[in-house]
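First the structure, in the form of structure tokens, and then the observations on it.
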Amino acid sequence: MTVIRDAIHGGIEVNDLEKKIVDHPLFQRLHGVRQLSVAHLVYPSALHTRFEHSLGSMHLTGTLAERLNLSEEEIQLVRVAALLHDVGHGAFSHTSDELLEERTGKTHEMRGLDLVQQTTLTDTLEENGIRISDLKNRFEGVGAGALITHELGTDRMDYLLRDAYFTGVGYSSVDHQRLLETMALKDGRLYIQEKGVVAAESLLVSRHLMFNAVYLHPTVRIASAMAQAMLASALSEGQASLNDVAQGTDESLLNQLAPKNAWSQRLKERRLLKKAVVQATADMGEETQAFLGQKNAEEKMTDALHDAGIKECVICLPPKRKKHEGIQVKTEAGDVEPLEKHSALLKALNVPSSRDTLIVAVDEKNKEKAAQTIQQLLKG
């Protein structure tokens, strides 16, 4: 047994099989894939990576699986699934996800499974009684895979604790120990016991605050849009291959592109575009909302800016937030009921936030022209 020191969970124990996975080049690449992509350009200490998040997810998953009295075989399987669930992330993590899913037709979990099968890890897993088909099911949340993928699952627990700690925003109020103590698994579904409702609320509140403070911070959104523009232009101009994006690291790809890609040079030097338009969803008229609801709304705005002579621009459409639905509470009487019935707070968390905005960003000298161009377009 090896113990790895972690900033969030203290000592994380890894057995021989898990150590072989951690030491494999496929997993070691995650040292170079930042958990929050380019958020460090706003929060300088947000340099943590998918590597330590995967270890943390494995640790929490093992703790929960043991508490639920799962078999030794199942505990090992879900620990490995949690450890490997992010190996399919490309450079810049979630920033490249949409592009890679568009080009490959596969989620990062399924891309990760493909990568595992292309390496000696498959043999290592099978020698230890873990089949690829079982791993795939756990990635998809089947059976005990729900421990990882559930809205209150171990993946989310770890990233909220870790992201809050490394950004320094102070919203790490997730009572994860209580959550782990009050969860129940039945027929492949994860429930919260009635006595764990407040702990569930702590995670949902933390997630809400983290979205508002970090994930949807206007400058973070602009930097992420610039990184997406960099990846798209690099692929279209032959400066990088899909494999470079899918299996590279943040720095390797940035350095590869920097001499020839204007977006990458801007990101390296932190010359971010500036907000020209910021319009909250709640303040939008029906015409604007209808325009933004079109599939090609972003393309139309980009074309209008280009026609106005503004070449460097990014459009951040209002985010589509998922409502907190499907979380089930197991009452003391044995009934299973939706969390909404037990939490008045849940309704408040489903209300649109002030961070749900349209953002148009351009170079400093074109802010006024861009604002006029977009406003004219939105007015029809």
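The values are calculated or read from the model by the stated rules, or taken from the named source; none is laboratory data. Nothing here was measured: the structure is a model prediction, and the numbers come from that model. Cβ placement follows ideal geometry from the backbone for every residue including glycine, while neighbour counts extend to all protein chains displayed.
Residues are listed down the side, and each one gets a yes or a no for (1) outside the structural domain of Gly309 (by TED's automatic domain parsing); (2) modelled with pLDDT of 90 or more; (3) under 29 Å from Phe291 (Cβ atoms):
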site: His324; (1), (2), (3): yes, no, yes
site: Leu345; (1), (2), (3): yes, no, no
site: Asn366; (1), (2), (3): no, yes, yes
site: Lys379; (1), (2), (3): no, no, yes
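In the stretch 1-30, which residues are part of a loop (DSSP other than H, G, I, E, B) and in contact with a strand residue (DSSP E or B) (Cβ under 9 Å, 6 or more places away or on another chain)? Let's see the steps before the verdict.
From the stretch 1-30, those part of a loop (DSSP other than H, G, I, E, B) are 1, 7-9, 15, 24; that's our starting set.
The answer is Met1, Asn15.
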Which numbered condition Lys323 fails, given (1) part of a loop (DSSP other than H, G, I, E, B); (2) farther than 21 Å from Asp363 by Cα; (3) in contact with a strand residue (DSSP E or B) (Cβ under 9 Å, 6 or more places away or on another chain): (3)
Residue match in the stretch 161-168 (condition: more than 17 Å from the chain's Cα centre (by Cα) and surrounded by 21 or more Cβ atoms within 10 Å (Cβ to Cβ)): no
Residue within the stretch 98-106 that is in a helix (DSSP H, G or I), crowded, with 23+ Cβ neighbours inside 10 Å and of a type outside the set (Lys, Arg) present: no
Selection within the stretch 101-135 - of a type outside the set (S, T, N, Q), on the phi < 0 side of the Ramachandran plot and without any contact (Cβ under 8 Å) to a residue 24 or more places away in the chain: Glu101, Glu102, Lys106, His108, Asp123, Glu126, Glu127, Arg131, Ile132
The stretch 276-289 residues that are more than 14 Å from Arg221 (Cβ to Cβ), paired with ones that are of a type in the set (Lys, Arg) and modelled with pLDDT under 85 (beta carbon under 8 Å, 6 or more apart): Glu287/Lys379
Qualifying residue in the stretch 39-50 (condition: closer than 23 Å to His150 by Cα and among the aromatic types (Phe, Trp, Tyr)): no
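For Thr357, state whether it is at negative phi, at pLDDT 90 or above, among the hydroxyl-bearing types (Ser, Thr, Tyr) and within 30 Å of the chain's Cα centre (by Cα).
yes
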2 or more residues in contact with an Asp or Glu (Cβ under 7 Å, 6 or more places away or on another chain) and exposed (fewer than 13 other Cβ atoms within 10 Å of the Cβ): qualifying helices (runs of 4 or more DSSP H) within the stretch 239-319: none
Any hit, the stretch 216-225, residues being under 22 Å from Glu102 (Cβ atoms), crowded, with 16+ Cβ neighbours inside 10 Å and among the basic types (Lys, Arg): yes
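Test Leu346 against the criterion of being buried (at least 17 other Cβ atoms within 10 Å of the Cβ) and in a helix (DSSP H, G or I), and give yes or no. I'd like the intermediate steps shown before the answer.
Values: buried (at least 17 other Cβ atoms within 10 Å of the Cβ): yes; in a helix (DSSP H, G or I): yes.
Against the criterion (buried (at least 17 other Cβ atoms within 10 Å of the Cβ) and in a helix (DSSP H, G or I)), Leu346 qualifies.
For the stretch 89-98, state whether one or more residues are charged (D, E, K, R) and in contact (Cβ under 8 Å) with a residue 12 or more places away in the chain.
yes
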First in the stretch 296-319 and on the phi > 0 side of the Ramachandran plot, second anywhere and at pLDDT 95 or above, Cβ under 9 Å, 6 or more apart: Gly309/Asn366; Gly309/Lys369
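Kindly indicate the residue of the stretch 81-97 that is small (Gly, Ala, Ser) and assigned to a helix (DSSP H, G or I) and also farthest from the chain's Cα centre (by Cα) among those meeting that condition. Please lay out each step first, then the result.
First pass over the stretch 81-97, keeping only residues small (Gly, Ala, Ser): 81-82, 88, 90-91, 93, 96.
Restricting the remaining residues to those that are assigned to a helix (DSSP H, G or I) gives 81-82, 96.
Details: Ala81: 17, Ala82: 15, Ser96: 11 Å.
Looking at residues that are small (Gly, Ala, Ser) and assigned to a helix (DSSP H, G or I), I get Ala81.
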